[in-house]
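Quick note: the coordinates plus some simple rules give every number you see, no bench work behind them. Here the structure is a predicted model, which is why all the values come from computation and not from measurement. Using ideal geometry, Cβ is built from the backbone for each residue, glycine included, and neighbour counts are taken over all protein chains shown.
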Amino acid sequence: MIIHPLVAPILAEVVSANPGEPEFHQAAEEVLQTLVPILEKERKYLKEKIPQRMLVPERTIEFRVVWQTDNGEVQVNRGYRVQMNSAIGPYKGGLRFHPNVNRGVLKFLAFEQVFKNALSGLPLGGGKGGSDFDPKGKSDAEIMRFCQAFMLELERHLDHRRDIPAGDIGVGAREIGYMFGMYKKIRNEFTGVLTGKGLGWGGSLLRPEATGYGLVYFAADMLHTKGDSLKGKTCLVSGSGNVSQFAIEKLLELAAKVITFSDSDGFIYDKDGITYEKLAYLKWLKNEKRGRVSEYAEKYPSAEYHPVARNARQNLLWAIPADCAFPCATQNEILENDAMALVQNGVRLLAEGANMPTNNAAIEILQKNGVMYAPGKAANAGGVATSGLEMTQNYSGEYWTREQVDQKLQAIMRHIHDTCLAVANEFGAPGNYVIGANIGGFRRVADAMIAQGMI
Ligand code: NDP
Ligand code: 2IT
């Protein structure tokens, strides 16, 4: 990809100042390229060095986490919190526990989060954190000890008006519970410092469902612009965690047919389609048993299990013919060959549940071939938006019904969708959700930064 000369020096500086952080470079490149039209039109942003400022975190915290396994072995992990941008609200974004977590991964996630949170229309700044801790195969007691040790340090950097983490890969209701308990014990106060809490202790109805549901609402709105709907559409979903499970659930509700899901070892192709009963099994398998998706094929012999080929440049899940694709696992799961396979099979729409699952070359292939493409920072914003709704409920002491939260979630997803299209139109790129999301998110944060002076 040729980098536009207006932003090439900015990207070059990001690359040289952040060595060994390819995911952060990738996210910076994707955003900078699409900001060119607004940077050309409104010179104040470059004069004030807003893109450059947005690419340096306000603060990055890195710390040691020491804990003990059940058999007494001492373990050392790295913990992080990237407090990226607080121009429009307190830092907000998830915590990820996965062995491939490092500074660069969290900087890319925090950078994306700033735009996503701005698009939501809520007063939320952006941050992200986590650890290279691997939750796989750990006992419940080990998870608890790790979460407590992690929060023992992170606590001093958090506050319900300063920085409010939530879940992400490897961090679900169980981990949020253990971290919340430790935070409350240290502070001796009960505040909504984390979102994704349990329903009986400050959580919001629909927060677990929100990312997956919001993703599907967004995709439905995209198809609606073409007079089409999800009804009867064959869909590919990847991942099998929180986002995937509720994306599948909402797709079933809207009468779509879902034929795939996956984990990091392989994928399931169920040509008969996933039913509510099969989805209930998948939820039990992943959330209670903490098993692998391969076990689904043992239970439902109509389904095929395909192990992933290590270091493959193609993920064969994306080569299965379908109408719509919903990557919901992790970054860079759709590369050039996958995008070409999707195009060849006539996929109409790709909406990202995961953060940055499609690399920049693959995005270009999809867009050039007329696939409707929605970036994660727009399409998966339903999770953080509902975290925002959880915060409002915590501040006010109110509890909203499922219907009330769902209505607000749908309204927020529609607002993001319509903002993307309106901004894309304004900048001469009708239907381009990437330009719409990036410029729409950028403008809100950039204007706040300018108003607040040189900080
Ligand atoms: P979960 O931990 O619940 O599930 C993650 C899923 O992705 C699992 O199926 C996991 O498989 C798979 N996966 C993880 N890492 C890899 C990898 N390196 N290669 C292949 N598969 C992998 O996480 P979530 O569902 O919460 O998150 C999924 C994505 O959605 C992430 O990109 C996250 O950032 C994004 N997201 C999450 C939001 C939320 O509210 N939770 C909000 C917005 C975006 P395995 O079991 O093998 O690890
Ligand atoms: O990527 C994301 O938006 C999340 N993991 C959710 C963040 C949040 O604060 O709810």
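Brief remarks follow.
- For the stretch 241-375, the fraction of alpha-carbon pairs lying more than 19 Å apart is 48 percent, rounded to a whole number.
- When +1 charges are put on Lys and Arg Cβ atoms and -1 charges on Asp and Glu Cβ atoms, the dipole computed for the chain relative to its Cα centre reaches about 720 debye.
- Evaluated at q = 0.16, 0.21, 0.31, 0.32 Å⁻¹: base-10 log I(q)/I(0), Debye formula over Cα of the stretch 371-423: -0.52, -0.79, -1.22, -1.26
- Peptide packing for 70-78, 24-32, 174-182 was compared via the average number of neighbouring C-beta atoms within 10 Å per residue; ordered from the highest value, the list is 24-32, 174-182, 70-78.
- Most to least packed among 111-117, 418-424 [average Cβ atoms within 10 Å]: 111-117, 418-424
- Shown for 131, 387: other C-beta atoms within 10 Å of each C-beta, ranked fewest to most, produce the order 131, 387.
- Packing rank of 297-310, 4-17, where each peptide gets the mean count of other beta carbons within 10 Å, highest leading: 4-17, 297-310
- Helix-only arithmetic for the chain: the sum of -39500 (n - 2.57) across DSSP H runs with n ≥ 4, divided by the residue total, places the mean residue ellipticity at 222 nm at -14500 deg cm²/dmol.
- The dipole here belongs to the stretch 224-282: it is taken about the Cα centre, uses +1 on the Cβ of Lys and Arg and -1 on the Cβ of Asp and Glu, and is about 300 debye.
- HN-Hα J in Hz across the stretch 63-72 - Karplus 6.51, -1.76, 1.60, θ = phi - 60°, x for Gly and Pro: 8, 8, 10, 10, 8, 10, 6, 4, 9, x
- 5 angstrom amide H check on residue 197, placed H, neighbours 5+ away: 204
- More than 20 angstrom apart: percent of Cα pairs within the stretch 105-198: 37
- Descending semi-axes in whole angstrom, ellipsoid equivalent of the stretch 330-388, from the Cα gyration tensor: 23, 11, 8
- Taken one residue at a time, the phi angles of the stretch 316-324 give Karplus couplings (6.51, -1.76, 1.60, θ = phi - 60°) of 5, 4, 7, 9, 7, x, 6, 9, 9 Hz. Gly and Pro are set to x.
- Per-residue HN-Hα couplings for the stretch 403-416 [Karplus 6.51, -1.76, 1.60; θ = phi - 60°; Hz; x = Gly/Pro]: 5, 4, 5, 4, 4, 5, 4, 4, 5, 5, 4, 5, 4, 5
- Shape category assigned to the stretch 255-312 from the gyration tensor of Cα positions, a/c cut at 1.5: oblate
- Estimated Rh, the stretch 349-447: Kirkwood, alpha-carbon pairs, angstrom: 14.7
- For q = 0.13 Å⁻¹, Debye-computed log10 I/I(0) when each Cα of the stretch 279-358 counts as one equal scatterer: -0.49
- The stretch 64-209: antiparallel DSSP beta bridges as a percent of all, rounded to 5: 65
- Reciprocal mean inverse distance between Cα atoms of the chain - Kirkwood radius, Å: 22.1
- For residue 308, the residues whose modelled amide H falls within less than 5 Å of its own, excluding neighbours fewer than 5 places apart on the same chain, are 266, 267.
- Using only alpha carbons, the stretch 1-106 has a radius of gyration to Kirkwood radius ratio (Rg to Rh) of 1.09.
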